[in-house]
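Enquirer: The structure follows.
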Amino acid sequence: MIKFNEIKLGDFLLGDYGDKKWEGEVVRLNNDEKQVCLATEVQELWFETNDLYPLTLDDAAMKKLSFVREDMPDGSVKYKKGAFRMLIQKPDDFSHIDIWYRDDKRINPSIQYVHHLQNHYLQMTKVHLTREPIA
């Protein structure tokens with residue numbers, strides 16, 4: 001379950017609807033009822049927050065978000081998208097993350113899931129983190 005106040009428009013989440021999990025992008029929020037509308041591959045679906053789950057932050061998620069992976073000589077891994085950077089100390093270990101964008105650097109912020117990364121990215125760049133590559 002995700003807290004409603006953590007959810008922002010544009011976040012990618014997983015919704016449980018009729019024993020099927022649907023990945024989608026948050027396109028509308030109903031603040032009064034604490035409901036979230038996800039645009040899935042099929043259609044838009046409304047979910048209660050207790051039916052929403054975070055997406056795991058891993059290498060596959062970073063690829064879906066169009067980050068470019070760079071394996072560093074010291075064994076760490078840098079992910080790049082435009083001027084935004086993210087560094088993990090060991091491949092596939094997202095327990096300690098450093099992120100930076102221009103002069104804004106954050107050492108090990110609390111980022112466990114994709115929507116956490118999206119929210120930090122938005123705060124730092126003033127642009128939503130989407131799946132679209134940056135040319």
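Any read-out appearing in this document is the output of simple, stated calculations on the displayed coordinates, not a laboratory observation. No experiment lies behind these values; they were computed from the predicted model shown. In this analysis, Cβ positions are derived from the backbone assuming ideal geometry, glycine residues included, and neighbour counts consider all displayed protein chains.
Enquirer: Compare Asp93, Asp103, Asp16 in a GNM of the chain, Cα atoms joined below 10 Å, and give the one with the largest fluctuation.
Expert: So, out of Asp93, Asp103, Asp16, the one fluctuating most is Asp103.
Enquirer: By the scheme Lys and Arg +1, Asp and Glu -1, what is the net charge of all other residues having a beta-carbon under 15 Å from that of Asp103? Numbers along the way, then the final one.
Expert: Numbers: positive: Arg85, Arg102, Lys105, Arg106, Lys126; negative: Asp98, Asp104.
Value of the local net charge: +3.
Enquirer: Now for a separate question. Would you mind counting up the charge near His128? Only other residues with Cβ under 13 Å from its Cβ, with Lys and Arg at +1 and Asp and Glu at -1.
Expert: With Lys, Arg at +1 and Asp, Glu at -1, the net is +1.
Enquirer: Follow-up question, since we're still on this one. Summing Lys, Arg as +1 and Asp, Glu as -1, what charge do residues with Cβ under 14 Å from the Cβ of Phe84 carry, Phe84 excluded? The partial results should precede the final answer.
Expert: On the way: positive: Arg69, Lys78, Lys80, Lys81, Arg85, Arg102, Lys105, Arg106, Lys126; negative: Glu70, Asp98, Asp103, Asp104, Glu132.
Spelling it out: positives minus negatives among the neighbours equals +4.
Enquirer: So what does the Cα-only Debye profile of region 4-53 read at q = 0.19 Å⁻¹, as log10 I(q)/I(0), no solvent term?
Expert: Relative scattering, expressed as log10 I(q)/I(0), comes to -0.49.
Enquirer: Please list, short to long, the whole-number percent of alpha-carbon pairs of region 59-125 in consecutive 5 angstrom bins beginning at zero.
Expert: Going from the shortest bin to the longest, the percentages are 4, 17, 32, 31, 14, 2, 0.
Enquirer: For every helix of n ≥ 4 consecutive DSSP H residues, a contribution of -39,500 (n - 2.57) applies; sum these over the chain, divide by its total residues, and give [θ] at 222 nm rounded to the nearest 500 deg cm²/dmol.
Expert: -4000 deg cm²/dmol
Enquirer: When the convex hull of the Cα atoms of the chain is projected onto a plane and the area is averaged over all directions, what value comes out in nm²?
Expert: For the chain, the mean projected area of the Cα convex hull comes to 8.7 nm².
Enquirer: Mean-square fluctuation check for the chain, GNM, Cα pairs under 10 Å: which of Val36, Val77, Val114 is largest?
Expert: Of Val36, Val77, Val114, the Gaussian network model singles out Val77 as fluctuating most.
Enquirer: While we're here: Length gain on complete extension for the stretch Arg102 to Ala61, per 0.36 nm per residue less the alpha carbon to alpha carbon distance?
Expert: 12.4 nm
Enquirer: Multiply the residue gap between Glu23 and Asn50 by 0.36 nm, knock off their C-alpha separation, and tell me the result in nm, one decimal place.
Expert: 8.2 nm
Enquirer: Asn5 to Arg131: FRET efficiency via 1/(1 + (r/R0)^6), r the Cβ-Cβ distance, R0 22 Å, to the nearest 0.05?
Expert: Here the calculated transfer efficiency is 0.35.
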